[in-house]
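Student: Got a structure for you, questions after.
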Amino acid sequence: MTVLSLQHVSKSFAATAALKDMSLAIEPGEIHAIVGENGAGKSTLIKIMTGVHQPDRGDILVGGAPVVLRGTQDAQSHGIAAIYQEPMVFPDLDVAENIFISNRNEGAVMNWRRMYAQADQIVAQLGVKLDVRRAASGLTLAEQQTVEIARALSLNVKVLIMDEPTASLSAHEVARLLTIARALKAQGVSVIYISHRLDEIFQIADRVTVIRDGSHISTRPIAEVTPDGLVHDMVGRAIDSFAVKTEASPHGAPVLELQGLGRAGVFRGIHATVHAGEVLCFAGLVGARRTDVALAVFGIAPATEGTIRIDGAPVTIRTPAEAMGHQIAYVSEDRRKMGLAMSLPIFANISLASLRKLMGLLGLIDRKAELAMAETYRKQLAIKAADTGVEVGKLSGGNQQKVMLAKWLETKPRILIFDEPTRGIDVGAKAEVHNIIRTLAGQGVAVIVISSDLPEVLALADRVLVMREGTQAGILPIAEATQERVIGLAAGHDIKGAA
Amino acid sequence: MHPQTLRILALAVALLATVLFFSTQIDGYLSARMFTRITTSAAVILPLAVAQAIVVITRNIDLSVGSIVGVVAYMTGDILGQFPDLPPVLVCVMAMGIGAGLGAINGVLVAWGRVPSIIVTLGTLALLRSFLVEYSDARTITTASLPAWLVDLPQANAFSVFGLDVRVTVVLALASAVVMGLCLSRLRAARRVFAVGSNPDAAVMAGINAGQVVFWSFVLSGALAGLSGFLFLAKFGNITVVAGMGMELKSVAAVVVGGVSVLGGSGSMVGVVIGTLLVDTIDNSLTRWELVSEFWRDALLGFLIMAAVTVDTVMSRQLGRLARKET
């Protein structure tokens, strides 16, 4: 008798299929791990199970009976709840209030004494020590998670979904969370455990399901699975759209060297050298802190340890202005927030980082030179717009990306960092952006590309630096970088010499 | 000691210090007459401060309360002019009903229209005032048109302690604060009010209907502003189109001075009562203090709001730092 099952569930957003014919059955009292690459459909799956999204097709069965989940509250009343990497607590309420906030079956009047007693009891069931009368505002992340789990228990959940619960926890806290998960299992609660960390999965799961590109790949008892096999299932996709680079391009002298670079509490121990004309790709799973390395190099969130060398000389970079002084450019992942002024025309966006060059008499902007500069880039990068007076907000994602690139190219960078350069843009524009990156490297620019898109990494990189949870898991020459190797390193399991 | 208890103690000390200060500045300040003057004046503000507190706890603000007081005071007076025989309790309930209806307009727009409350209530502040001008046709409600029980209400004494008279209106206003205070600490539904203000995203995740909570808090706010409008009508008797103007400033001052967090999620009615008394004591005393022009009263309210919020922000930052050090 399954406690929760999905049968042939499909879900699409606009033209993108997030889940395809997904079937999954959760047994009572089992710990069921779900693994998959970035974008495999895990988040959508959780949202379907918690009623945030409704499936386009297929059925959700609770205890064998089909149900429609109209929202989190509805899912809770069917015994399904979820906790997330970032816990959701109410800082101004105390622990006991936080635990019972969703409880609707109690009377209209609070019985504080009984509530504290019950809260104590639930916390004890989880085998942890926590003062239920203290305010939630000072709790550590791990304690906040405990509160959320206790909240789920107070609702008598049958299925508790844990989404990347250990991503921000210390080793000691992880051990405690795994203990809690086992305690839940002992009480007959099924736990759906979603994690990138294969070691945890092998410690705790009874069964493991692999999903890839929105489809169910396999569900097997943990005893029948090996880490190698799991990684193979996660990536086993044929690479079609991009050719894989097999050999590193020729390159020049070292330009940027990172020596033991770190930022307290965020990432540490990054060692890498980028040569002129070389493309170094940062790969890793979401939350591996790749962007934070870029932010440190660009001075937005400066490094607190280690050394950055440019042309062999150590430099300190505390602000983006200093980074730009060293001819570093950073093409951000978040076009809307950090990259472009959406309501301004194309030319004003392109000139934004190099206005000093355009300053004429009395410090006024030389509009003619500004337009000419923008026009050059419009032609060179094939930005699809009638002219450079068009508002950037009206362009497609790919063209916005090109405008942002133009802005940074005009600063004549020697070191260019791309963060997820093709996220959310279509295949055609993607190929164009890849060509631009290759051309730039060919001109001797030292390029860093951060990408969660593995085929993209393998198509662009001369070397691949794999990060895992804020540390450097490995650095591979392109000839040795296979999908399995990269994903294996990113998930904490190095597959040497695998196909 | 609990930070909340500490804050209430600090407020009480501030109130005492204020009274002592003015007693050295103003002749005959510590008198039964001054007590009555300040308490009856604070009685009109108190339901408004209670209303504001509930809305602020949900991480919103209601700037329209002053205009609601004006509209309710005028409409109630107008209706009483036509039907002088209405029973007092019904009149009071009717005033609160009109207020609740006006609050519901704010509530719908904020909760389901997803318009920020500061914009919605700034809009209704202006709209209701203009509505009042149109509705009243620039006429004035006078005591002559009101029934005797209402005109006499402000002078009606509930009881006396140590020779100090406690008026019926003061008891009514205090009752509203006490009832709301009990509701906030005892009712399960009130936990959701705090939850929505404390972390709106988490509230949705916890299956709380945040829109409903916000809507009803605005309705409640309107109803309490209606009660304030009724007390306003009783106290002044003469109601013009500017009735209640600027009272939103006093209500916000009372609430933030009383320790309700402007970021939502925390606050107590004891704090609101003392905050109201403090704000109104200063306000009333300034009019009698010869050293300072009474035109500075608004400036002082503004200063109090800023000082209270600044102290609050600095304190919570320090407390946060302490908490981090401990772990």
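Read the figures in this text as sums done on the coordinates, not as results from a lab. This structure is a prediction, so every number in the text was calculated from the model and none was measured. So basically every Cβ, Gly included, is an ideal-geometry build from the backbone, and we count neighbours across all protein chains shown.
Student: Work out from phi, with θ = phi - 60° and the Karplus expression 6.51 cos²θ - 1.76 cosθ + 1.60, the ³J(HN,Hα) of each residue of the stretch A:270-276, listed in order in whole Hz, and give x for Gly and Pro.
Tutor: For the stretch A:270-276, the Karplus curve yields 8, 10, 7, 10, 10, 8, 4 Hz.
Student: Going by average Cβ density within 10 Å per residue, which order do the peptides A:444-452, B:88-96 take, highest to lowest?
Tutor: My ranking of the peptides, most packed first, is A:444-452, B:88-96.
Student: So what is the calculated 222 nm ellipticity per residue for chain B, using -39500 (n - 2.57) for each DSSP H run with n of 4 or more, over all residues, to the nearest 500 deg cm²/dmol? Spell out each step's value before the answer.
Tutor: Values: 13 runs with 238 residues, N = 327.
Result for chain B, helices only: -24500 deg cm²/dmol.
Student: Moving to a separate point now. For chain B, what relative contact order do you get, as a whole percent, if you take Cα pairs closer than 8 Å and at least 6 residues apart? Display every interim value, and only then the final one.
Tutor: Numbers: 527 pairs, mean separation 108.7, N = 327.
Relative CO of chain B lands at 33 percent.
Student: Something else about it: As I understand it, the value is the acute angle between the Cα axis of helix A:367-380 and the longest principal axis of the Cα atoms of chain A; what does it come to in degrees, rounded to 10?
Tutor: 70
Student: Calculated FRET efficiency, B:Leu164 and B:Val89, Cβ-Cβ r, R0 41 Å, to nearest 0.05? Walk me through the intermediate numbers first.
Tutor: Details: r = 27 Å, r/R0 = 0.65.
E between B:Leu164 and B:Val89, to the nearest 0.05, is 0.95.
Student: Read phi for every residue in the stretch A:204-218 and hand back ³J(HN,Hα) as whole Hz from Karplus 6.51 cos²θ - 1.76 cosθ + 1.60, θ = phi - 60°, with x for Gly and Pro.
Tutor: 10, 7, 8, 9, 9, 10, 9, 10, 8, 6, x, 10, 7, 9, 7
Student: Still on this structure, I have one more. Take the alpha-carbon centre of the stretch A:191-225, take the same for the stretch B:59-114, and report the distance between them in whole Å.
Tutor: A separation of 59 Å, based on Cα centres.
Student: DSSP H helices in chain B with Cα extent of 18 Å or more along the helix axis and mean Kyte-Doolittle hydropathy at least 1.6? The partial results should precede the final answer.
Tutor: Details: long enough: B:3-25 (33 Å, 1.41); B:32-57 (35 Å, 1.57); B:65-82 (26 Å, 1.22); B:88-111 (33 Å, 1.99); B:117-136 (27 Å, 1.38); B:168-186 (26 Å, 2.04); B:210-236 (38 Å, 1.50); B:269-286 (25 Å, 1.42); B:297-326 (43 Å, 0.37).
TM-like helix candidates: B:88-111, B:168-186.
Student: Roughly what angle does helix A:141-154 make with the longest principal axis of chain A, taking Cα atoms, 0 to 90 degrees, to the nearest 10?
Tutor: Compared with the principal axis, the helix lies near 40 degrees.
Student: Mind checking A:84-97 for the average number of partner chain beta-carbons within 10 Å of each residue's beta-carbon? Don't skip to the answer; put the middle values down first.
Tutor: On the way: counts 1, 0, 2, 2, 7, 6, 13, 6, 12, 8, 0, 0, 0, 4.
That average works out to 4.
Student: A:Lys11: which lysines have alpha carbons under 23 Å from its alpha carbon, excluding same-chain residues fewer than 8 sequence positions away?
Tutor: A:Lys20, A:Lys42, A:Lys47
Student: Report, by chain and number, residues whose modeled amide H sits under 5 Å from the one on A:Ile101, excluding near sequence neighbours (fewer than 5 apart, same chain).
Tutor: none
Student: What distance in nm lies between label points placed 7 Å from Cα along the C-beta direction at A:Ile365 and A:Asp334?
Tutor: Going from the A:Ile365 label point to the A:Asp334 one covers 2.5 nm.
Student: Ignoring everything except DSSP H segments at least 4 long, calculate the 222 nm mean residue ellipticity for chain A; use -39,500 (n - 2.57) per segment, divide by total residues, nearest 500.
Tutor: -9500 deg cm²/dmol
Student: Let me ask another. Run the numbers on chain A and let me know its relative contact order in percent, using alpha-carbon pairs under 8 Å that are six or more apart.
Tutor: Values: 1021 pairs, mean separation 76.4, N = 499.
That works out to 15 percent.
Student: Continuing with this model, one more query. Any chance you could run the full-extension gain for A:Gln327 through A:Ala479? It's 0.36 nm times the residue separation minus the Cα-Cα distance, nm to one decimal.
Tutor: Going from the current span to full extension adds 51.7 nm.
Student: OK, next. Along each principal axis of its Cα atoms, how long is chain A end to end? Whole angstroms, biggest number first, please.
Tutor: 76, 54, 45
Student: Rounding to the nearest 10 and keeping the result within 0 to 90°, find how far the Cα-based axis of helix A:112-125 lies from the longest principal axis of chain A.
Tutor: Around 80 degrees separate the two axes.
Student: Could you please state, rounded to a whole Å, how far the C-alpha centre of the stretch A:85-141 is from the C-alpha centre of the stretch B:218-244?
Tutor: 40
Student: Another question, if that's okay. Tell me which trypsin sites (Lys or Arg not before Pro) from the stretch A:318-368 have a DSSP coil assignment and no more than 13 other beta carbons within 10 Å of their own.
Tutor: Taking the stretch A:318-368 and a limit of 13 other Cβ atoms within 10 Å, the loop trypsin sites (Lys or Arg not before Pro) found are A:Arg318.
Student: Okay, moving on. Grab the Cα-Cα distance for A:Thr376 and A:Thr439, subtract it from 0.36 nm times how many residues apart they are, and report the gain in nm with one decimal. If you can, show how the numbers build up before the last one.
Tutor: Details: separation 63, 0.36 × 63 = 22.68 nm, distance 1.65 nm.
Gain on extension, A:Thr376 to A:Thr439, equals 21.0 nm.
Student: A:Ser43 label point, 7 Å along Cα→Cβ, cut-off 17 Å on backbone N: hits in the stretch A:391-433?
Tutor: A:420-425
Student: Turning to a different aspect of this structure: What stretch of chain B, leaving out the sites themselves, is the longest with no chymotrypsin sites (Phe, Trp or Tyr not before Pro) in a DSSP loop having at most 12 other Cβ atoms within 10 Å?
Tutor: B:163-327
Student: Pop a pseudo-label 7 angstrom from the Cα along the beta-carbon direction at both A:Leu61 and B:Asp27 and give the gap in nm to one decimal.
Tutor: It works out to 9.2 nm between the two label points.
Student: Next question. Between B:Thr240, B:Thr121, B:Thr169, find the one with the highest GNM mean-square fluctuation for chain B; connect C-alpha pairs within less than 10 Å.
Tutor: B:Thr240
Student: Do you know the relative contact order of the stretch A:4-235, to the nearest whole percent, from alpha carbon pairs under 8 angstrom that are 6+ apart?
Tutor: Once divided by the residue count of the stretch A:4-235, the mean separation gives 29 percent.
Student: Still on this model: Show me, for the stretch B:159-167, the HN-Hα J-couplings you get by feeding each phi into the Karplus relation (A = 6.51, B = -1.76, C = 1.60, θ = phi - 60°), rounded to Hz, glycine and proline as x.
Tutor: For the stretch B:159-167, the Karplus curve yields 6, 10, 10, 6, x, 9, 8, 9, 6 Hz.
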